[in-house]
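Have a look at the structure below, then the notes.
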Amino acid sequence: LFHLGRRWRSDCELPLAPRRAWVDTHNRVWCVSADQLLLCDGAPLPLPYVPQEDRFEPETLNPRALALSWQQALPVGWEALAITGDDQQLYLLLHDHNGRQRIASRPLSKQADLPLRLYELEPEIPFVIDLQWAAPGRLAALAPTEAGDTDFRQRDCPVLSLHPGTDSELENDAEAGTARLVRERYPMLSLAVPRFASCADGQLRYQAER
């Protein structure tokens, strides 16, 4: 793991191959494999440390090294495509190999057995392959290139809002919530802060107001 914000590099062993990872504001690393959610916590020492034989040394040089804390199973029959979050919630993008998609959420808690809350994507939302927090109550998704769109002109990100059902917990998802399409464009960045973005077609583009 390369933590660009903290400027450190570390690694840890996982029982499953991760597909995606997301780092929260507490520097905990949330990973998803095909059917498991994994939480890793810890960090390397702030400075390199070299043990010496002529003095007392601790048995464990770094008691808070990056390591797996726990793992949680995803709903049976669903696989993860993406992971993201905000200051309070974690969001997982799931699919069932038959075109159906859901968003699962849970609090950013160290407690491993918290239930996932499920949100069914409305039929008008295209199949999406990535997810990102955009604004309070808003998630931006990424749809793959459409067939025949060789120039990848349909690049708008669908913006979704989550609406809980009466009982949208994992144990009883008969009345799960819904993820609805928001009829608005994803807000572009101000020209006061020029930035570039790498798009899904592999090209680099400048973000400007429209």
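Here, each number is a calculation from the coordinates, and none is a lab measurement. The structure displayed is predicted, hence computed values, not measured ones. Quick reminder, even Gly has a Cβ in these numbers, built from the backbone with ideal geometry, and neighbours come from all protein chains shown.
Below are the figures for this structure:
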| item | result |
| --- | --- |
| Residue 127-residue 25 pseudo-label distance in nm [points 7 Å out on the Cα-to-Cβ vector] | 3.6 |
| 5 angstrom amide H check on residue 69, placed H, neighbours 5+ away | 39, 40, 41 |
| Gyration tensor (alpha-carbon) shape descriptor, region 57-168, a/c threshold 1.5 | prolate |
| Whole-Hz couplings from phi, Karplus 6.51/-1.76/1.60, listed for region 124-129; x for Gly and Pro | 6, 7, x, 5, 10, 10 |
| Residue 88-residue 17 FRET efficiency (beta carbon distance; Förster radius 25 Å; 0.05 resolution) | 0.30 |
| Residue 50-residue 4 FRET efficiency (beta carbon distance; Förster radius 30 Å; 0.05 resolution) | 0.70 |
